[in-house]
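One structure below.
The values are calculated or read from the model by the stated rules, or taken from the named source; none is laboratory data. Just so you know, these numbers come straight off a predicted model, no measurement behind them. Every residue, glycine among them, receives a Cβ derived from its backbone with ideal geometry; neighbour counts consider all protein chains shown.
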Amino acid sequence: MQELIYHDDINKQEVDLNNQENLADNEFISKRVSEIRNSIQELFKELDEVVSMCNHKDGHDVKLIANSKLDSGGLRRVCKICKTPIGYASKKEADEWQKD
Ligand SMILES: [Zn+2]
């Protein structure tokens, strides 16, 4: 019901309300972007903490890693437990990976 009244109002004063709506949208976007970025930072921090608990001693898989700030990408050994890249795949591992 509120929605309907709102749209009627827009028809009466289209320009003004559209501006107000844009301002409200921008305010929402700006606030939400900050909140999401903060959440991501907190999650990355927690991820680092949890990964640092892993000793990477329980074996590894060979995976193709996309390039990123931390890694140029390519075939890497990743820890079976925490999935962190822990080294380059050997020639033998690369050959086996290609067969699969
Ligand atoms: Zn690990």
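Here are some notes:
- Within the range 41-71, the set of residues being of a type in the set (Gly, Ala, Ser) and surrounded by fewer than 10 Cβ atoms within 10 Å (Cβ to Cβ) comprises Gly59, Ala66, Ser68.
- Whichever residue in the range 54-100 is within 13 Å of the ligand (Cβ to nearest atom) and among the small types (Gly, Ala, Ser) and, among such residues, is farthest from Phe44 (Cα to Cα): Gly59
- Of all residues in the range 78-87, those being in a loop (DSSP other than H, G, I, E, B) and modelled with pLDDT of 95 or more number 3.
- Residue in the range 64-77 that is at pLDDT 95 or above and among the acidic types (Asp, Glu) present: no
- Any pair with Cβ under 8 angstrom, 6 or more apart, that starts in the range 80-93 at a residue that is among the acidic types (Asp, Glu) and ends at one that is outside any loop (DSSP other than H, G, I, E, B) and within 16 Å of the ligand (Cβ to nearest atom): Glu93/Val62; Glu93/Arg77
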